[in-house]
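Here's the structure, in structure tokens; my notes come after.
The values are calculated or read from the model by the stated rules, or taken from the named source; none is laboratory data. The structure presented is a predicted model; accordingly, all values stated were derived computationally and were not measured. Cβ sites come from the backbone with ideal geometry, for glycine too, and all protein chains shown count toward neighbours.
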Amino acid sequence: MSTVLYWQWVVVLLSSTMLYFISPKAVSKESFFKGASKHLEKPGYAMLTFSLVISWIFAKSVTNVSNLGMQFGFVGGVAYATYYLSFLVAGIVIYKIRTKTKVNSLHEFLESKFGRGAVIAFTIVIAIRLLNEIWSNTEVIGSYFGATGSPQYIASIIVFTGLTLAYTLKGGFRTSLVTDLIQMGLFAVLLFIVLSWIIPAKGSVVPFVKTGNWTLAGGVDLILVALIQIFSYPFHDPIMTDRGFLSDPKTTLKSYVSATVISSFIILLFSFVGIYGSFAGLKGEAAVEVSKSFGIFTLVVMNFIMVTSASSCIDSTFSSVSKLITVDLGKKEKITISKGRWTMILTAIGGTIPLIFSPSILSATTISGTLVLGLAPVFILWKIPAPKISFHLALWTGVAAGVVLVFGLLPKYLYIGNGSFADLLAINIYATVVIFILYFVPFLFSKKENLISLTEN
């Protein structure tokens, strides 16, 4: 075993073992499924804020923004950071829903307004999203240990997922929140170490910020896509939305606003890794190649960052799936911690098997922001008493748009601009217009009271 590989295994084993012993054991359903302390206290502002930040800055995000920084310069970093405005959108909408209704989850809200059919359709969408959270992050971890499909790659994925599952089983959502605080602290220190090598190499941050071209082809097309998707994207991610129902509404809103600022800033800083890679003329995965260029210590630090961010995302995924199946979709009299733990175990298996046996299927099952565009009117216009059919027309039109994108069915003459995301931007604009029209049509042709309600809102 090489020295690099040895230290990478040390990082995985040490960090996960530490988190296992630190993790609190849930003694109540309130703790396991809603993150309450052993004294049934709700998560406070700091805990909720940092949990939101670290659970959404996962390994795949670090990889993506580094690559965008290498490709588009600072513009690429701004494009990816724009997605983190999702916190602000979700925070405001959830605050409004909670203060105007008595629902305790988005599922409860959808069932009260659109019926059980909407809940089932919504669950299918977010279930795929949650499984994707597991394999997209463990895939990043595996890439540090070996080529895709190699024994080291598979072994690292199994060990990492198993250890993360072990400490999450102890306390469920409470464990996720507590370990998020620790992971956030480690993440901040490690990020500082990496930037302390990268930024001085160019003298200051100025050369980094000046990179890129503010044109559609230079990455602005992705910024526009993000500005469209932030009104739908956050609502299909339970890792974000579940945290919107843990504390009181005002504390929750403050945490979401703070998370918007903190996470956007961190993501912009991580784009510097890729920008440095472009300065150095490096090719390939930006985070990996830049780390290698500084030597073994930096590579191990970057690996530690990936492990920290990935484990935070995955333990949050286990907690969210457990809550989804046991609480949101289950019957109150059948809610047990044991059922929640078994759900986590099955989720770990389901999220790992595809990556080990057939990594190629991931491209066909990964949920993109385009596929969930139909959630925008459902939640942004939540006060409008739209009929049940409006939900399904909007949701499935978004899914259809995603299919068009995946299979490249949009004619090139309909593209907007000539950048890397010209087709993505075009489909998102066209689909969004159609989705809002289809959402409103049944509403406008239903009862007359709806027209009165529309004018009042």
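Some values worked out for this structure:
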quantity: Test: residue in the range 413-425 that is over 25 Å from G76 (Cα atoms), touching a helix residue (DSSP H, G or I) at 6+ places or on another chain (Cβ under 6 Å), at pLDDT 95 or above and not in a loop (DSSP other than H, G, I, E, B); calculated: no
quantity: Test: residue in the range 125-148 that is small (G, A, S) and at pLDDT 95 or above; calculated: no
quantity: Residues satisfying the stated conditions in the range 415-440, i.e. more than 17 Å from A217 (Cβ to Cβ) and free of Cβ contacts under 8 Å to residues at least 40 places away in the same chain; calculated: Y430, V433, V434, I437
quantity: Answer residue from the range 363-378, given it is within 13 Å of the chain's Cα centre (by Cα) and closer than 18 Å to I134 by Cβ and is modelled with the highest pLDDT among those; calculated: S368
quantity: Condition met for Y45 (surrounded by fewer than 21 Cβ atoms within 10 Å (Cβ to Cβ), closer than 30 Å to F265 by Cα, in the same structural domain as I157 (by TED's automatic domain parsing) and not basic (K, R)); calculated: yes
quantity: Residues of the range 119-138 satisfying the condition of being small (G, A, S) and in contact with a Lys or Arg (Cβ under 7 Å, 6 or more places away or on another chain); calculated: S136
quantity: Test: residue in the range 55-72 that is modelled with pLDDT of 95 or more and among the β-branched types (V, I, T); calculated: no
quantity: Close pairs (9 angstrom Cβ cut-off, 6 or more residues apart or separate chains): within 17 Å of L371 (Cβ to Cβ) in the range 221-237, acidic (D, E) and outside any loop (DSSP other than H, G, I, E, B) anywhere; calculated: D237/E133
quantity: Subset of the range 133-154 that is among the small types (G, A, S) and not in a loop (DSSP other than H, G, I, E, B) - its residue that is surrounded by the most Cβ atoms within 10 Å (Cβ to Cβ); calculated: G142
quantity: One residue from T161, T168, T179, T211 being crowded, with 16+ Cβ neighbours inside 10 Å and either in contact with a strand residue (DSSP E or B) (Cβ under 6 Å, 6 or more places away or on another chain) or not in a helix (DSSP H, G or I) (or both); calculated: T211
quantity: Top-ranked residue of the range 73-104 - restricted to ones that are outside any helix (DSSP H, G or I) and touching a Ser or Thr at 6+ places or on another chain (Cβ under 8 Å), ranked as farthest from F231 (Cα to Cα); calculated: G73
quantity: When residues of the range 24-42 are limited to those that are among the basic types (K, R) and in contact (Cβ under 8 Å) with a residue 24 or more places away in the chain, the one surrounded by the fewest Cβ atoms within 10 Å (Cβ to Cβ); calculated: K25
quantity: Any hit, the range 24-44, residues being outside any helix (DSSP H, G or I), within 22 Å of P151 (Cα to Cα) and not basic (K, R); calculated: no
quantity: Residues located in the range 25-35, provided they are modelled with pLDDT of 90 or more and either within 16 Å of the chain's Cα centre (by Cα) or of a type in the set (G, A, S) (or both); calculated: S28, S31, G35
